[in-house]
Amino acid sequence: RLVAGMQSMVQLGGGGEGGQSQDDVMDETAASVQERLPKPYPLDICEIKFPTLYEESMNTVVKQECLRYNKLLWCMASSLKDFRKAIKGLIVMTGELEALGKSMFVNEQPEMWVKKGPLSLKPLSSWFLDIIARCEFFQMWYDLGKAPPVFWISGIFFPQAFFTGAMQNFARKYNEEIDLLSYRQTMRDDIVDAPKELTKAPDDGVYIYGIFMEGCRWDCRQHKLADSKPKELFTDLPPLWFCPIKNRVPDALDYRCPCYKVVSRKGTLLTTGHSTNFVLYIEMKTDVVVDKWIKAGVAAFLALKF
């Protein structure tokens, strides 16, 4: 926090002779974001393409996700438009717009966008690229007109709802009680490029990819957890197959790896009973006592800080 404050003061100090002014930098940044901002999803057409069906809960998931991203895109579009007018003196520069400009100048996520967007610790430049990638994933889903064979879990705003939807599909397909179901997680470490290689959805459950690990790595040859390589802080986890199983008995020797949205590992409990950060546990095979991985602080994440 101290370093960030010092960086902010230095950057807000202005440039030397021949350099751009703070207003010029903020206006250019706003124009760049405005130019590349994805278009909101047409929710009326989404309702037609993805009708609410008893046997397909993913239709509800994608509509809810599109609405969440639309709220962010609407907020970004309107605030950027107003900010560029305000910086030229055409409208009043409010406190919120001034804070937006300062955040863009120091490459931080603006507070008004943070309130509408997914949880992220990235700087503004990386955050915006991440938002573009997320919107491209849902644009692909929208264009496909049905659930894709494999899901980029990092791009989903509310992953807990996604996993619940996949569980509901299984329960309704086989007329099972959802309370008796839990996920068996299988590492697809034979897959290198999930979107290209996994072209067909599994009969039951879902394929996901896009998870990172800290504290250790997954050994694709030995099919188990292994120590991290030197100077390797984070590693990519192979794609996973989440398959619901009735009355499943977990393997007591597996390491229950906590999975979070971001690397801060902290969150608050929502009224729905879900955490703002913690997603679920991923059971991983290991040939050593799980205490080793617990002491190492091994955890999985959907997004990093860069």
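Results, tabulated for the structure shown:
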{"read-out": "Set K81/K116; K39/K122; K146/K305; K81/K102 screened for pairs whose C-alpha atoms are more than 24 Å apart", "value": "K146/K305"}
{"read-out": "The chain, dipole about Cα centre (Lys/Arg Cβ +1, Asp/Glu Cβ -1), debye to the nearest 20", "value": "320 debye"}
{"read-out": "Value of [θ]222 nm, deg cm²/dmol, for the chain, DSSP H segments ≥ 4, -39500 (n - 2.57) each, nearest 500", "value": "-12500 deg cm²/dmol"}
{"read-out": "Between the stretch 45-105 and the stretch 195-213, the Cα center-to-center distance that results, in Å", "value": "29 Å"}
{"read-out": "Heavy atoms of S103: accessible area, 1.4 Å probe, square angstrom to 10", "value": "20 Å²"}
{"read-out": "Accessible area per residue, Å², the chain with all protein chains present, probe 1.4 Å", "value": "55 Å²"}
{"read-out": "Aspartates and glutamates with Cα under 13 Å of K229, excluding same-chain neighbours fewer than 8 positions away", "value": "E214, D219"}
{"read-out": "Inter-site label distance for T268 and D24 at 7 Å from Cα along Cβ, in nm", "value": "4.2 nm"}
{"read-out": "Gained length - K102 relative to L129, 0.36 nm times residue gap less alpha-carbon distance", "value": "7.8 nm"}
{"read-out": "Burial ranking of peptide ranges 281-288, 49-56, 161-168 (average Cβ count within 10 Å, highest at the top)", "value": "161-168, 281-288, 49-56"}
{"read-out": "Computed FRET value (nearest 0.05) for D190 with Q139, which takes r as the C-beta separation and R₀ as 30 Å", "value": "0.55"}
{"read-out": "Percent accessible area from carbon and sulfur atoms, the chain, protein chains only, probe 1.4 Å", "value": "55 percent"}
{"read-out": "Degrees separating the helix 58-87 axis from the principal Cα axis of the chain, which is the longest one", "value": "10 degrees"}
{"read-out": "Cα-projected label distance for V114 with L53, points at 7 Å along beta-carbon direction, nm", "value": "4.1 nm"}
{"read-out": "Cα-Cα separations in the chain greater than 26 Å, expressed as whole percent", "value": "54 percent"}
{"read-out": "Value of Rg/Rh across the stretch 101-233 [Cα atoms, Kirkwood radius]", "value": "1.02"}
{"read-out": "Using a Förster distance of 51 Å, the FRET efficiency for S182-T94 (Cβ separation, nearest 0.05)", "value": "0.55"}
{"read-out": "The stretch 17-125, relative contact order [Cα under 8 Å, separation at least 6], %", "value": "28 percent"}
{"read-out": "The stretch 112-160-the stretch 239-266 distance, computed between alpha-carbon centres (Å)", "value": "22 Å"}
{"read-out": "Ranked by how many other beta carbons lie within 10 Å on average, peptides 293-299, 70-76 from highest", "value": "70-76, 293-299"}
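The values are calculated or read from the model by the stated rules, or taken from the named source; none is laboratory data. Since this is a predicted model, take the numbers as computed values, not measurements. Methodologically, a virtual Cβ is constructed for each residue, glycine included, from the backbone with ideal geometry; neighbour enumeration extends over all protein chains shown. Heads up: the accessible areas ignore ligands, DNA and RNA and are worked out on the full protein's heavy atoms, side chains in. Shrake-Rupley method; radii C 1.70, N 1.55, O 1.52, S 1.80 Å.
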